[in-house]
Amino acid sequence: MRKVVSLVAFLLAVELLALAQSERPLLLRHPTVSQTQIVFGFAGDLWSVARDGGDARRLTSGIGEESDPFFSPDGTQVAFTGEYDGNRDVYVVPAAGGVPRRLTYHPGADTVTGWTPDGRSITFTSTRASYYHFADQMYTVPAAGGFAVQVPLPIAEQPSYSPDATRIAYLPHPQWQPAWKRYRGGQTTPIWIANVSDSRVEKLPRENSNDFNPMWVGNTIYFLSDRNGPVSLFEPRT
């Protein structure tokens, strides 16, 4: 009788543990949003869900990790970083689902960072030709397939095109340990704006803060910064 009670108690504990785990928040990462969908990373795959809610469906299920999803400007395609065959490369998949298509084949690691505003090319960063192995450079590759083209900037982290594609907001150097909170050493990250036509640079005003993740909304650049303490959302003062 004691064994039966112990078994029932064990099964009940397992059931309660499973229920508790199912109610825990999930680690959903790298969301990208279109007019109708949200695509995000979870457990090494990409998932898609309607913006008004509902059940998420798996968008990718290949062997290897998929990350860094970005919707095309028209919302019909999703570019992402696929770590297949032991290497990180640029892939694109229809937003409605389908077989991912590989776009880069270089042995260097390529990380997707977005799209050009016209939706014809995907942007990515890579150290494939960098003189400094920690420092990424920026590239574009046609979404229809073709050769990658390097953007003429010596180092470019987290690049973001302006809507008219005439300027790029980016970080001019990497930070090898971004987990240090309130870091004020020599690797604090500024945001620069490069003119595409001549690579002329304008610097966003700052003292010695960590500014990162620049994103254009119209003619305004929004970014994250710890200049006032906790990381918060900022825009340049006019």
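Per-structure values
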quantity	calculated
Unmet criterion (only one of (1) outside the structural domain of Arg102 (by TED's automatic domain parsing); (2) among the hydroxyl-bearing types (Ser, Thr, Tyr); (3) free of Cβ contacts under 8 Å to residues at least 60 places away in the same chain) for Ser160	(3)
Ser209 vs. criteria surrounded by 15 or more Cβ atoms within 10 Å (Cβ to Cβ), farther than 18 Å from Asp136 by Cα and within 20 Å of the chain's Cα centre (by Cα)	no
Meets criteria (in the same structural domain as Ala50 (by TED's automatic domain parsing) and in contact with a His (Cβ under 8 Å, 6 or more places away or on another chain)) for Thr76	no
Residue among Ala144, Ala169, Ala165 that alone is surrounded by fewer than 20 Cβ atoms within 10 Å (Cβ to Cβ), under 21 Å from Thr32 (Cβ atoms) and touching a residue at least 40 places away in the same chain (Cβ under 8 Å)	Ala165
Any hit, segment 185-203, residues being touching a strand residue (DSSP E or B) at 6+ places or on another chain (Cβ under 8 Å), closer than 18 Å to Ile122 by Cβ and in contact (Cβ under 8 Å) with a residue 60 or more places away in the chain	no
Search result, residues across segment 167-185 that are small (Gly, Ala, Ser) and over 18 Å from Gly114 (Cα atoms)	Ala179, Gly185
Subset of segment 151-204 (residues that are of a type in the set (Phe, Trp, Tyr) and within 26 Å of Asn228 (Cβ to Cβ))	Tyr170, Trp176, Trp180, Tyr183, Trp192
Filtered residues of segment 203-238 (kept if part of a strand (DSSP E or B), within 20 Å of Pro172 (Cβ to Cβ) and among the hydrophobic types (A, V, I, L, M, F, W, C))	Phe212, Met215, Trp216, Ile221, Phe223, Leu224, Phe234
Residue within segment 32-39 that is assigned by TED's automatic domain parsing to the domain that holds Gly119 and without any contact (Cβ under 8 Å) to a residue 24 or more places away in the chain present	yes
Boolean, Asp118 is in contact (Cβ under 8 Å) with a residue 40 or more places away in the chain and surrounded by fewer than 14 Cβ atoms within 10 Å (Cβ to Cβ)	yes
Count - residues of segment 181-206 that are of a type outside the set (A, V, I, L, M) and surrounded by 12 or more Cβ atoms within 10 Å (Cβ to Cβ)	10
So Pro163, is it under 27 Å from Ser72 (Cβ atoms) and either part of a loop (DSSP other than H, G, I, E, B) or touching a strand residue (DSSP E or B) at 6+ places or on another chain (Cβ under 7 Å) (or both)	yes
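The values are calculated or read from the model by the stated rules, or taken from the named source; none is laboratory data. Just so we're clear, the structure is a prediction, and the values are computed from it rather than from any experiment. Ideal geometry is used to build each Cβ from the backbone, glycine not excepted, and the neighbour counts take in all protein chains shown.
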